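**Q** Before we start, here is the structure in question, set down as structure tokens.
The values are calculated or read from the model by the stated rules, or taken from the named source; none is laboratory data. As the structure is a prediction and not an experimental result, all values here were calculated from the model. Glycine gets a Cβ as well: all are built from the backbone with ideal geometry, and neighbour counts include every protein chain shown.
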Amino acid sequence: MKDKIRKYPQFSACGLNCGLCPRYYTAGASRCPGCAGKGFSDVHPPCGILLCSLRKGLEYCFLCDEFPCKRYDGVDESDSFISHKNQFSDIARAKEMGISAYEEELDAKILILEELLKNYDDGRRKNFFCIAVNLLSLEDVILVKDQINKAVDKDATLKEKAATAAHLFDKKANEKGIILKLRKHVKG
């Protein structure tokens, strides 16, 4: 798999938005390049789902006649570095709108996330912004971004800007019934 590189690693074979994961924005050797991006196998343990899709010559598992297979059992019950909550709805959305249109939408979210990380991350908000942009719709993310731009005083400290941005994302998420936290794996 070392030389297998997917053309759009920001959206994983299994339906995760890798371009919205905190590890995608980590500096240094532990940075993840996305699903089967350049250097993926150097920083990521082997993935049975990815290996299966590559073996079958499929960019995305949802293109397989066997999808969802047993490899997906329980996959959306907890999170890793990225939220799995919307994994199946994102897959359905990609199928419905077409992968090119979904990639464009994800690219728009990625640009907004990068802007948030550049202008509003006080060193403690990267995970929060990644989760918020991942779980909220593009329309809601754009709306919150516009609210942030209007609400933030240009003379505010980075900590104040970050707090305002987080508050506005929390407010929108609460309106939608979304909790902006990763779910830990429960051993049992």
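**Q** Which condition from (1) acidic (Asp, Glu); (2) at pLDDT 90 or above; (3) surrounded by 12 or more Cβ atoms within 10 Å (Cβ to Cβ) is the one that ASP65 breaks?
**A** Going through (1) acidic (Asp, Glu); (2) at pLDDT 90 or above; (3) surrounded by 12 or more Cβ atoms within 10 Å (Cβ to Cβ) one by one, ASP65 breaks only (3).
**Q** Cβ-Cβ distance below 6 Å, separation of 6 or more or different chains: which pairs start in segment 68-83 with a residue that is more than 20 Å from ASN134 (Cβ to Cβ) and end on one that is surrounded by fewer than 14 Cβ atoms within 10 Å (Cβ to Cβ)?
**A** ARG71/GLY48
**Q** Could you list, in sequence order, the residues of segment 139-185 that are part of a helix (DSSP H, G or I), of a type in the set (D, E, K, R), farther than 23 Å from LEU111 by Cβ and without any contact (Cβ under 8 Å) to a residue 12 or more places away in the chain? Outline the logic, then answer.
**A** Looking only at segment 139-185, we keep the residues that are part of a helix (DSSP H, G or I), and these are 139-151, 158-176.
Applying the additional criterion that residues be of a type in the set (D, E, K, R) yields 139-140, 145-146, 150, 159-161, 170-172, 175-176.
The next check asks that each one be farther than 23 Å from LEU111 by Cβ; those that pass are 159-160, 175.
Once the filter is applied, which keeps residues that are part of a helix (DSSP H, G or I), of a type in the set (D, E, K, R), farther than 23 Å from LEU111 by Cβ and without any contact (Cβ under 8 Å) to a residue 12 or more places away in the chain, segment 139-185 yields GLU160, GLU175.
**Q** Take ARG93 and tell me if it is among the charged types (D, E, K, R), assigned to a helix (DSSP H, G or I), surrounded by 14 or more Cβ atoms within 10 Å (Cβ to Cβ) and in contact (Cβ under 8 Å) with a residue 24 or more places away in the chain.
**A** It is false that ARG93 is among the charged types (D, E, K, R), assigned to a helix (DSSP H, G or I), surrounded by 14 or more Cβ atoms within 10 Å (Cβ to Cβ) and in contact (Cβ under 8 Å) with a residue 24 or more places away in the chain.
**Q** Still on this structure: Is it the case that segment 70-78 has a residue that's among the small types (Gly, Ala, Ser) and under 27 Å from ILE5 (Cβ atoms)?
**A** So far as segment 70-78 goes, no, none of its residues is among the small types (Gly, Ala, Ser) and under 27 Å from ILE5 (Cβ atoms).
**Q** In segment 53-65, how many residues are in a loop (DSSP other than H, G, I, E, B) and either out of contact with any helix residue (DSSP H, G or I) (no Cβ under 9 Å at 6 or more places or on another chain) or at positive phi (or both)? Can you show your working first?
**A** First pass over segment 53-65, keeping only residues in a loop (DSSP other than H, G, I, E, B): 56-60, 64-65.
Add one more test, that the residue is either out of contact with any helix residue (DSSP H, G or I) (no Cβ under 9 Å at 6 or more places or on another chain) or at positive phi (or both), and what stays is 57, 65.
The number of residues fulfilling the criteria is 2.
**Q** Another question, then. Would you mind stating whether ARG6 is free of Cβ contacts under 8 Å to residues at least 60 places away in the same chain, under 27 Å from SER137 (Cβ atoms), basic (Lys, Arg) and in contact with a Cys (Cβ under 8 Å, 6 or more places away or on another chain)?
**A** yes
**Q** Please state which one of TYR25, TYR72, TYR60, TYR120 is over 15 Å from the mean Cα position of the chain (by Cα) and within 30 Å of LYS159 (Cα to Cα).
**A** One residue alone meets the criteria, TYR120.
**Q** When segment 23-51 is examined, which residues are found to be outside any loop (DSSP other than H, G, I, E, B) and within 20 Å of GLU77 (Cβ to Cβ)? Spell out how you get there, then give the answer.
**A** Just the residues of segment 23-51 that are outside any loop (DSSP other than H, G, I, E, B), to begin with: 23-25, 40-43, 48-51.
Listed by number, the residues that qualify are GLY48, ILE49, LEU50.
**Q** If you go through segment 96-106 one residue at a time, do you hit one that is without any contact (Cβ under 8 Å) to a residue 24 or more places away in the chain and assigned to a loop (DSSP other than H, G, I, E, B)?
**A** Yes, because at least one residue in segment 96-106 is without any contact (Cβ under 8 Å) to a residue 24 or more places away in the chain and assigned to a loop (DSSP other than H, G, I, E, B).
Yes/no per residue for (1) modelled with pLDDT of 95 or more; (2) surrounded by 14 or more Cβ atoms within 10 Å (Cβ to Cβ):
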position: GLU104; (1), (2): yes, no
position: ILE112; (1), (2): yes, yes
position: LEU116; (1), (2): yes, yes
position: CYS130; (1), (2): yes, yes
position: ILE148; (1), (2): yes, yes
position: LEU180; (1), (2): no, yes
position: GLY188; (1), (2): no, no
